[in-house]
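Only one structure is covered here, and it is reproduced in the block below.
The values are calculated or read from the model by the stated rules, or taken from the named source; none is laboratory data. Please read all numbers here as calculations on a predicted model, not as lab measurements. Positions of Cβ are backbone-derived with ideal geometry, glycine not excepted, and every protein chain shown enters the neighbour counts. These accessible areas exclude ligands, DNA and RNA; they are computed on the full protein's heavy atoms, side chains included. Shrake-Rupley method; radii C 1.70, N 1.55, O 1.52, S 1.80 Å.
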Amino acid sequence: MATYGLIIDGKKIVTDRTFGVRNPATGEVFAQCPVAEISHLDHAVEAAQKAFRAWSVVDDNTRKAKIHALADLLEKHSAELMEVLTKENGKPLNGFMGIGAGMELGGAIAWTRATAELSFSVDVIQDDENARVEAHRKPIGVVGSIPPWNWPLMIAIWHVMPALRTGNTVVIKPSSLTPLTTLRFVELANEILPPGVLNIVTAETGIGSAIASHKGINKIVFTGSTPTGKSIMKNGAANLKRCTLELGGNDAGIVLPDVDPKEVAPELFRVGFHNNGQTCACLKRLYVHESIYEDICSEMVSIAKKVKIGNGLEDGVDFGPLQNEEQLGFVCELAQDARRVGGRFLCGGEPMKGPGYFFPITIVADIEDGTRLVDEEQFGPILPVIKYTNIDDAILRANRSSYGLGGSVWSRDLEKAKQLASRLECGTAWVNDHAAIQPNAPFGGVKESGYGVEFGQYGLEEYTLIQTLKVVKR
Ligand code: NAD
C-alpha cells in the first residue's frame, strides 16, 4: 500500500499516525495518508513565512518561469496523477464526453500556464511637477489553501498558482477524502520551488479550522460548502484574514420554448450531470417551458439509459461512483423525499448494489419549488426538471435561493436570452451553456455562494495588497 508524507520546508515528513483513503469504486482503503499535528502546521507556517522573505521579492520573470516549469511537471506526470485521481475520487479516467481525470489534469495544466502569463504593472495615478503617485500590488504573505474533494487537483491548482505567481507562499490542506493527488503534486513541485514556498499538511479533522484561525496565515482561499465557508470566515477574523470563498450552489437553468429539444437536451444532460453532478456550478434545477417539457425530458432520459456506470479505471465507463458514502446517503435521502412528494422518476432513483458508492443517473419530473430536491444543493446525479408557464415567474423562482453561483438561459434568441440571463442573481450567467469556466474570465459566487473571484486578472488581484507610493518632488 502506498504511503505518503507531509511536505514541509522542502522535506518529506512521515508521521507516526496515518489515516486510510478509500477508493469509492470499491469502498476499500488503498493508501495511507499522514496525520498532521498542530505542531506540523506551526512548522509549515514558519517555513512559509521564512520562504516569503525571498520569494516575495524574486524577479517577476523567474516566478513566471517557475510556474511554467510546474505546468511541465504536471504534463510529465499526467498518467500517474490521473490514475491516483481516479482511485481516490472515483471519476473515470476519461468519462462521459471527456469529463474525467484527463480533463482535470488538462485543466490543471491550462490554468497553470494561463496564470504564469499574468502580471501586474504599476498604476501611475499622478505624475506632475509636484509629485508622482503610484499604486503597487504586493503579495499578502502566507496563503492557507483549503480545497474540496470534487475536483481536488484542479482546485488546488486554482488556489496555489495565483498565490505563487504574485509572490505569496502557501500551506495547503487538501480534503481528507482526496488528499493523494495533491500530496504527490506538492512533492513533485518541491523539486522546482525553493523550500518552504509550497507546503502541505493533511489530517482527517481539525487542521482546516486551525489554518483558518492561525495568526501566521494572512489569507485563506477556500472552496467547499457554505457552512464551512462561514466557519472559516469567523475563525479568520482572529487576524483579519483576507478570504476568497468559493462555496456551494444550486444553479438554475431556464429553457425557453424556441429551442430544438433534440439539439439542446444533450447539452442540458452534460451540464446537469457533469462529474456525476458533483461540480459546484452544475445545472442543479432545470426549468423547462411547458410546451417542450415532455420532449426535453424524454430526450434526456434516452441519453441516461445509454450511459455506462462503473469503476473509472475500466475502459468505456462514462460515470463512476459518488465520491463518498455520506454523499451517497444524502442523494438517497433526497430521492426518497422526492418520491414522497410525488415526483415522477423518469430513470434511476435507487442506489446500485455495492461494493462502491454507485447511484444511477436520475431524472425527476413533476416536482416543484419548496421540495428538498429543488431547494437543496444535491451534489449528485439526480436532477429535478420543473415545468414553467411564464418566464418572469421562472426568473423569480430561479432567484428564490440563498445561493448565487451560476445560472443559464437556453434559447435561439440570443438577445432576449442575454437580457433574461442578466436578471439572474448569480456570479456567472450563461446563454446556451452552463458551468463553462475559462482561465481568463472571473468566476465566483454571490449571496451565500461566497465572495471574491478566481481566474484571470481579477482573480490574481485577490492575492495582493495595494501599496500607494507618493513621491513629493521638492
Ligand atoms: P466541505 O466544506 O465539507 O469541505 C471542503 C474543505 O474544507 C475540505 O478540505 C475539508 O476538509 C475542509 N474543512 C471542513 N471543515 C472545516 C472547517 N471547520 N474549517 C476549515 N476547513 C474545513 O466541502 P466538500 O464537501 O469537500 O465540497 C462540496 C462543496 O463544495 C459543495 O457545496 C460544492 O458546491 C462546493 N464547491 C464549490 C466550488 C466553487 O467554486 N464555488 C467548487 C467546488 C465545490
(message) For the chain, place one equal point scatterer on every Cα, skip the solvent, and apply the Debye formula. What is log10 of I(q)/I(0) at q = 0.06, 0.10, 0.12 Å⁻¹?
(response) -0.27, -0.74, -1.04
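Counting every Cα pair in region 241-330, what percent are over 20 Å apart?
Across region 241-330, Cα pairs with separations above 20 Å total 47 percent.
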(request) Output ³J(HN,Hα) for region 411-424: one whole-Hz value per residue in order, computed from phi by the Karplus curve 6.51 cos²θ - 1.76 cosθ + 1.60 with θ = phi - 60°, and x for Gly and Pro. (result) 6, 7, 8, 5, 5, 4, 5, 5, 4, 5, 4, 5, 8, 6
(message) So if I place +1 on the C-beta of Lys and Arg and -1 on the C-beta of Asp and Glu, and nothing else carries charge, what would the dipole magnitude of region 257-399 be about its Cα centre? I want it in debye, nearest 20.
(response) 380 debye
(message) Less than 21 Å apart at the alpha-carbon level, and either on another chain or at least 8 residues along: which lysines does that give for residue 353?
(response) 87, 91, 305, 306, 308
(request) Heads up, I need the accessible area for residue 52: 1.4 angstrom probe, whole protein in place, Å², nearest 10. (result) 50 Å²
(message) Need one value: the accessible area of residue 330 in square angstrom, 1.4 angstrom probe, rounded to the nearest 10.
(response) 60 Å²
(request) Would you work out what percent of the accessible area of region 170-240, with all protein chains in place, is carbon or sulfur (probe 1.4 Å)? (result) 57 percent
(message) Amide H of residue 347 versus every other amide H placed in the peptide plane: which residues, excluding those fewer than 5 positions away on the same chain, fall under 5 Å?
(response) 363
(request) Compare the peptides 148-156, 425-433 by average per-residue count of other Cβ atoms within 10 angstrom and give them in order, highest first. (result) 148-156, 425-433
(message) Run the reach check for residue 447 against lysines, Cα to Cα strictly under 19 Å, same-chain hits fewer than 8 apart removed. What comes back?
(response) 230, 234, 284
(request) Within the set of other residues whose C-beta is less than 11 Å from the C-beta of residue 187, count the net charge using Lys and Arg as +1 and Asp and Glu as -1. (result) +2
(message) Report the Cα centroid-to-centroid distance between region 223-237 and region 145-200 in angstrom, as an integer.
(response) 19 Å
(message) From the alpha carbon gyration tensor of region 132-209, can you work out the equivalent ellipsoid semi-axes (sqrt of 5 times each eigenvalue) and give them in Å, largest to smallest?
(response) 25, 14, 11
(message) Need the full-extension length gain, residue 69 to residue 14, defined as separation in residues times 0.36 nm minus the C-alpha distance. One decimal, nm.
(response) 17.1 nm
(request) Give a residue-ordered list of calculated ³J(HN,Hα) values for region 373-390 (Karplus: 6.51 cos²θ - 1.76 cosθ + 1.60, θ = phi - 60°; whole Hz; x for Gly, Pro). (result) 4, 7, 7, 9, 6, 6, 6, x, x, 9, 10, x, 10, 10, 8, 10, 10, 10
(request) Run through the DSSP bridge list for the chain and note the antiparallel percent, rounded to the nearest 5. (result) 45 percent
(request) Classify region 322-399 as rounded, prolate or oblate from the Cα gyration tensor: take a ≥ b ≥ c as the square roots of its eigenvalues, call it rounded if a/c is under 1.5, otherwise prolate when a/b beats b/c and oblate if not. (result) prolate
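How about region 343-430: which trypsin sites (Lys or Arg not before Pro) there are in a DSSP loop, with at most 16 other Cβ atoms within 10 Å of their Cβ?
Those that pass, being in a loop and sparsely packed, are 353, 400, 412, 423.
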(request) Pull out a ≥ b ≥ c, the square roots of the eigenvalues of the alpha-carbon gyration tensor of region 1-129, then state rounded if a/c is under 1.5, prolate if not and a/b is larger than b/c, and oblate in the remaining case. (result) oblate
(request) Leaving ligands, DNA and RNA out of it, report the carbon-plus-sulfur percent of the accessible area of region 1-157 at a 1.4 Å probe. (result) 51 percent
(request) For region 31-83 and region 350-421, compute the distance between their C-alpha centroids and round to whole Å. (result) 38 Å
(request) Using only the Cα atoms of region 362-474, build the gyration tensor, take square roots of its eigenvalues as a ≥ b ≥ c, and label the shape rounded, prolate or oblate: rounded if a/c is under 1.5, else prolate if a/b is larger than b/c, else oblate. (result) prolate
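Assign unit charges at the C-beta atoms only (+1 for Lys and Arg, -1 for Asp and Glu), then state the dipole size of the chain relative to its Cα centre in Debye, rounded to the nearest 20.
Values: 48 positive and 57 negative charges, 258 e Å.
That gives a dipole near 1240 debye.
Figure the gain on full extension for residue 298 and residue 124 (residue separation times 0.36 nm, minus the Cα-Cα span) and round it to one decimal in nm.
Full extension of this stretch gives 56.7 nm more.
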(request) Convert each backbone phi in region 159-166 into a coupling constant with the Karplus relation 6.51 cos²θ - 1.76 cosθ + 1.60 (shift: θ = phi - 60°), then list the ³J(HN,Hα) values in order as whole Hz, x for Gly and Pro. (result) 7, 6, 5, x, 5, 5, 4, 8
(message) In Å², and per residue, what accessible area does the chain have when probed at 1.4 Å with the other protein chains present?
(response) 40 Å²
(message) At 1.4 Å probe size, with the rest of the protein present, what percent of the exposed accessible area of region 264-317 is carbon and sulfur atoms?
(response) 48 percent
(message) Suppose each label sits 7 Å from its Cα in the direction of the beta carbon; what would the residue 62-residue 83 distance come out to in nanometres?
(response) 3.7 nm
(message) Just to be sure I understand the curve: with the Debye formula and one point per C-alpha of region 201-256, what is log10 I(q)/I(0) at q = 0.16, 0.22, 0.25 Å⁻¹?
(response) -0.50, -0.81, -0.99
(message) If you count only protein heavy atoms and use a 1.4 Å probe, how large is the accessible surface of residue 176, to the nearest 10 Å²?
(response) 30 Å²
(request) For residue 12, go through the lysines and keep the ones whose alpha-carbon is under 19 Å away, minus same-chain ones fewer than eight residues off. (result) 50, 173
(message) Given the options 312, 124, 323, identify the residue whose Cα lies farthest towards the positive end of the charge dipole of the chain (+1 on Cβ of Lys, Arg; -1 on Cβ of Asp, Glu).
(response) 124
